[in-house]
Every structure is written in structure tokens, then in C-alpha cells.
1. Within the range 47-62, how many residues turn out to be under 26 Å from Tyr13 (Cβ atoms) and loosely packed, with under 14 Cβ neighbours inside 10 Å?
2. Return yes or no: is Ser61 within 13 Å of the chain's Cα centre (by Cα) and modelled with pLDDT of 95 or more?
3. Given the criteria within 22 Å of Ala12 (Cβ to Cβ) and surrounded by 18 or more Cβ atoms within 10 Å (Cβ to Cβ), does Ala65 qualify?
4. Just give me the residues in the range 69-94 being over 10 Å from the mean Cα position of the chain (by Cα), part of a loop (DSSP other than H, G, I, E, B) and of a type outside the set (Gly, Ala, Ser), in sequence order.
5. If I ask for residues that are charged (D, E, K, R) and surrounded by fewer than 14 Cβ atoms within 10 Å (Cβ to Cβ), which ones from the range 68-81 would you list?
6. When the residues of the range 15-36 are filtered to those that are part of a loop (DSSP other than H, G, I, E, B) and surrounded by 14 or more Cβ atoms within 10 Å (Cβ to Cβ), which remaining residue is modelled with the lowest pLDDT?
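The values are calculated or read from the model by the stated rules, or taken from the named source; none is laboratory data. On a predicted model such as this, the values are computed, not experimentally measured, just so you know. When we count neighbours, we look across all protein chains shown, and the Cβ atoms used for this are built from the backbone with ideal geometry, even at glycine.
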Amino acid sequence: MKFVMIYHAGPAYDADLSVAEPGVLADHVKLMHNVMERGVMIMGGPFTDGAGGMSVLDLPSRADAMAIADADPAVSSGHFEVEVRAWDTSDRRT
């Protein structure tokens, strides 16, 4: 099943953080690269307007998607809030 993870600025969001510097944003990117290398993340990245980002995951359950969100240091620190939504990609034309 596909899941969409939509990231929004959280209560501790800091627009000055950079992925090039050690910290929660760099750790978030490291986690997402690991998820992609495992073949779980189909695609993901930041929105071009800087207002968060999105990932598309292929996982057996919502609990598996939530485990990734719970392991994300940028989420646990409050830098991001994440919305996890199941996504039906079946072809309903037939």
C-alpha cells in the first residue's frame, strides 16, 4: 500500500537550519536516504516554496509508516509535524 507523508513546519521550526550542518534537519535527510535505500520510499523531497515537503512510501501498513515518522528526529524535535495518509493508487477505470 502507498502512504504519503506530508511535512509541515512544527512548533520548533527554524527556517535557518541547513542540511549541510549537523542537527535535526541533517538527521532527517539521513533517515530519508536510508528509507529510500531500503526501497521503501518511492520519491520525496522539499516543496520548492520552502513550506515543508512530502514523501511517498510503499509499506504494508499505516503502523509501518508511523514508525518511520516516529523515528524522524526532525518530527520528534518539533521542527516538523507530519501527516501520514494512505493513498489508493489502484486503477478504477476497469
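1. 6
2. no
3. So Ala65 fails the test.
4. Selection gives His79, Asp88, Thr89, Asp91, Arg92, Arg93, Thr94.
5. Asp70, the sole residue that qualifies.
6. Leu17
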